[in-house]
1. Of all residues in the range 87-119, which are more than 24 Å from Met157 (Cα to Cα) and surrounded by 16 or more Cβ atoms within 10 Å (Cβ to Cβ)?
2. Can you tell me which condition Leu123 does not meet? The list is (1) without any contact (Cβ under 8 Å) to a residue 24 or more places away in the chain; (2) under 30 Å from Ile40 (Cβ atoms); (3) part of a loop (DSSP other than H, G, I, E, B), and all the others hold.
3. So in the range 156-166, with the set limited to residues that are surrounded by 10 or more Cβ atoms within 10 Å (Cβ to Cβ) and not β-branched (Val, Ile, Thr), which one is nearest to Gly86 (Cα to Cα)?
4. Can you name the residue in the range 39-63 that is of a type in the set (A, V, I, L, M) and within 18 Å of Tyr144 (Cα to Cα) and, of all such residues, is farthest from the chain's Cα centre (by Cα)?
5. Six or more apart or on different chains, Cβ atoms under 7 Å: show the pairs whose first residue is in the range 33-45 and of a type outside the set (A, V, I, L, M, F, W, C) and at pLDDT 75 or above and whose second is part of a helix (DSSP H, G or I) and surrounded by 11 or more Cβ atoms within 10 Å (Cβ to Cβ).
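The values are calculated or read from the model by the stated rules, or taken from the named source; none is laboratory data. Here the structure is a predicted model, which means the values were calculated and not measured. So basically every Cβ, Gly included, is an ideal-geometry build from the backbone, and we count neighbours across all protein chains shown.
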Amino acid sequence: MNIRSVSNFTNRFAVPDLRHRIFDLLPNITVNNERAVCNIGRVLSRPDVGRAIMGATAILTQPLIDYYNPKVDRDTAEVSTCRTIGKILAGTTVGCMVRSACYYGVRAMTKVNPNAPTWRKLLMPPDIIVQHLNAHHADWIKNYNSLLATLIGMGIMLFTNVMLDVPLTNIISKSLLKLIGKSNPNQPQNVPPANGVDTESANDVKVREPYDVKEKFRKVFFDDFADRNTWRAGR
């Protein structure tokens with residue numbers, strides 16, 4: 001790609017002037033309470049708040065995509081929508097709880113005050129790094145707390161995804177399916193016979209016998225193989 005041609009194109013149509021015009025259209029806002037604006041930024045940078053924003057965005061978009069999916073039938077779309085809602089609610093709830101606990105735990109153990117007890121400084125970096133950060137970044141402790149809480153939360157989520165997210169997703173999904181009148185898709189459905197005659201009642205559904213892998217292996221590789229060799233030999 002020729003950079004010079006792009007530069008000539010922007011100069012020809014006066015793109016800088018266009019940017020200045022757009023900037024002039026923006027209203028001028030005077031911030032009287034600077035501390036309140038800074039506090040809003042601190043809250044939005046927290047890991048638990050970020051996870052809540054992601055969950056809110058997902059709950060507003062993903063269920064609609066599953067419900068209006070034109071490639072599946074209506075029953076499948078409704079079941080998929082319920083499962084998606086359950087997964088989002090479970091993941092957001094557990095994620096916010098874990099990240100919030102990690103954030104406040106990290107804050108309790110990262111005190112800059114040198115007179116603080118030893119346990120309040122367990123997660124602080126070495127003194128030489130603290131001196132360097134204090135000299136170059138006055139508000140470094142906020143970013144340090146958010147980053148450390150995010151990393152610890154990600155490690156904990158490796159276990160909570162299996163122990164908490166999956167059971168909670170199943171509970172919410174089943175509750176939503178019952179609410180809309182859908183049966184549990186994990187249970188076997190009673191399929192009517194091809195000739196239209198129902199030979200068994202709904203309460204007398206036969207349970208399939210457990211599959212014996214060892215017996216199947218012996219039948220395929222020994223009995224059937226021996227019969228095939230006997231047929232080929234003309235016996």
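1. So the first thing to find is which residues in the range 87-119 are more than 24 Å from Met157 (Cα to Cα), and the list is 111-119.
Lys111 - this is the single residue of the range 87-119 that is more than 24 Å from Met157 (Cα to Cα) and surrounded by 16 or more Cβ atoms within 10 Å (Cβ to Cβ).
2. The one condition Leu123 does not meet is (1).
3. Asp165
4. Filtering first and then ranking leaves Ile40.
5. Arg42/Lys142; Ser45/Ser146
Residues checked against (1) modelled with pLDDT of 60 or more; (2) among the small types (Gly, Ala, Ser):
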| site | (1), (2) |
| --- | --- |
| Tyr144 | yes, no |
| Asn170 | yes, no |
| Gly196 | no, yes |
| Pro210 | no, no |
| Gly234 | no, yes |
